[in-house]
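Quick one: the structure is below, and I'll ask about it shortly.
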Amino acid sequence: MGNCLHQVEPSLLSGENLSQQAFGDIFWNYSDYETGNISDYDSSSLEAAAPCHSCNLLDSSSLPFFILASILGILASTAVLFALFRPLFHWQLCPGRPILAQLAVGSALFSIVVPILGPGLSSAPSTTLCRLGYYVWYGSAFAQALLIGCRACLGPKLAQVPGLTLGLTVGLWVAATLLALPITLASGTSHGICTMLSSRDLKVLHFIHTAVCLVIFVLLPLGLLGAKVLMKVPSRGAGPWVDVLWAWFIFWWPHGVLLGVDSLVRFRLWTLPNCVAQRVLDLLLDLAEALGILHCVAAPLLLALFCHQATRTFLPSLPLPERWSPPNTLEEKS
């Protein structure tokens, strides 16, 4: 993915990373050139003043990756939903089936909008379509994280209280869609691709979105893990319900962490030492985004594995029906 072999020439037109010292070197070298004294002219000052040009992994050449992930995610989510609501593999006995079905729906919604945000799909994508893509993208991801967290905290209580599952899940979906509004308003088109726009007016929206990603993708799994460890102490209860679905956070945890680091750099709260560090950060951001995209394929597989494990342990505990035996006709005649 991405064309990293093409070297982009440094441009002096973008002055965001232009330091005063480098600008002074350019000015004095240009003055020497005008006066005819060009013996001390050095192009290194021009390269130092130029902004960093990072290799973009998720460019137009990565469109097949977006399309393949979308197709596989839709097929896997559809198969899991079909198995949950049809009498196949005894998955109708899987505990917490309504929440599991909503997790599959969230993965399917994410899979559908992946090609919309894929670079190179359209030469001029509309701003409305890009915003809709980001809205569903992060809204479904936030909803899945909240559903997994809610299920881990409540566990079997969801099935014991009538109406609790419906009320909680509706509230979680509403909260997830509201949390996705900042990135929706801060997104648009730039150079023919859907991206998050960067301007001074949108800094507040970027900050809110980064804070939400840190809380949901980073602090939520860490909090669940910490609560489980603390509850291991005797006489403190069982703690959150741990299962294979917790592996979902592996696909989004790096995205939340790196998005926070990138925001510190953008808001100039942390200065990177050189241009190489900026390029490494941009590369890691693309890799984290690609890992987050792969969750739409992995999430249905995690659901299938969980249902398989749950039904395999649940079926042997069911009482076996008594075998029917024909009456002994000889004893009846006697």
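Enter the accessible area of Cys52 (Å², nearest 10), with the probe set to 1.4 Å and all protein chains included.
It works out to around 40 Å².
So, by mean Cβ neighbours within 10 angstrom, what's the order for 262-269, 109-116 with the highest one leading?
On the way: 262-269: 13.4, 109-116: 21.1.
Ranking, from highest mean packing down: 109-116, 262-269.
The values are calculated or read from the model by the stated rules, or taken from the named source; none is laboratory data. The shown structure was predicted, so the numbers you read here are calculated from the model rather than taken from an experiment. Using ideal geometry, Cβ is built from the backbone for each residue, glycine included, and neighbour counts are taken over all protein chains shown. Protein only, heavy atoms only, side chains kept; ligands, DNA and RNA dropped before computing areas. Shrake-Rupley method; radii C 1.70, N 1.55, O 1.52, S 1.80 Å.
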